[in-house]
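The values are calculated or read from the model by the stated rules, or taken from the named source; none is laboratory data. Since the structure is predicted, the reported quantities are computational estimates derived from the model, not experimental observations. What goes into the accessible areas is simple: the full protein's heavy atoms, side chains included, and nothing from ligands, DNA or RNA. Shrake-Rupley method; radii C 1.70, N 1.55, O 1.52, S 1.80 Å.
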Amino acid sequence: MADLLVKPTGVRGKVHDVTAESAGWGYVGFGLYRLEPGDSVAEVTGDREVILVLVEGKARLSAAGQEFGEMGDRMDVFEKTPPHCLYVPNGSDWRAEATTICTLAVCTAPGHGTHAAQRLGPEGIVLTPRGKGANTRHVNNIAMEGRAVADSLLVTEVFTPPGNWSSYPSHRHDEDDFPRMTYLEESYYHRLNPAQGFGIQRVYTEDGTLDETMAVKNHDVVLVPRGHHPCGVPYGYEMYYLNVMAGPRRAWRFENDPDHDWIYQRDL
């Protein structure tokens, strides 16, 4: 099994390059570019569809033979405004040229040629609260099941306030048994504010065959191949994460850890 905590390889250029092969699974890929003004990057999609997320900063984007112009608005991810995103189908290519300091996420999964290249945000993305009390967090749904904009990818952003928990009560989506549950691999790209902070993420199965608890820092990625995967952030810091999920069915169905489901039922 691949290491679940993936550290960035640097501070400029492609600092994350998680592939299905490197992760030891079958669907999710995640890349991250940290760019300076004038830096340009380009990739071909091959058999994978891509959602580009301008986490922060601005860039000129082109994809599948189309020019989409300068995209991006928020200069700091913790502004929490809806992100500018671009869908790129399999069998094509894309290019980005940073016009400011820019953080560009590359979310990938198997593509089937069903959708054309298109902008996905900021239109149609609304910051939405979820949970109660110290389980409150705020979600930007970029490409979840309710938006038929991708073949495999499910992508969302979550902002967790200081001292709060997220992806909680603990839940899993690691069985292909629709409609009870869907098999979805998942990656978390973490940011902390202030940047020197840290968060905690646990990935575990109910039988204990997988049980890892990690301290996550700014720009770390956590892989969730199976099991439950709650995370939290200490008082004084807030946490952002970008989720990428994919599996054999583009649907998000999960089950809570029976030990903690009472919290979910109480808070309905």
Let me know the Rg and Dmax you get for the chain when you use only its Cα atoms, in Å. 17.5, 52
Among K7/K80; K80/K132; K58/K132, the pairs whose Cα-Cα distance exceeds 27 Å are K58/K132
For region 1-126, the percent of accessible surface on carbon and sulfur atoms (probe 1.4 angstrom, ligands and nucleic acids excluded) is 49 percent
Per the C-alpha gyration tensor (a ≥ b ≥ c, the square roots of its eigenvalues), region 1-153 is rounded if a/c is under 1.5, else prolate if a/b beats b/c, else oblate; here it's rounded
A student applying the Cα gyration tensor rule (rounded when a/c is under 1.5; otherwise prolate if a/b is larger than b/c, oblate if not) would label region 164-252 prolate
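Of the accessible area of region 154-267, with the probe set at 1.4 angstrom, what percent is carbon plus sulfur?
Reported share for carbon and sulfur atoms: 51 percent.
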In percent, what relative contact order does region 37-94 have, based on Cα pairs under 8 Å that are 6 or more apart in sequence? 47 percent
Whole number in Å², please: accessible area per residue of the chain, 1.4 Å probe, ligands, DNA and RNA not counted. 41 Å²
Roughly how many Å is it from the Cα centre of region 1-37 to that of region 50-102, as a whole number? 18 Å
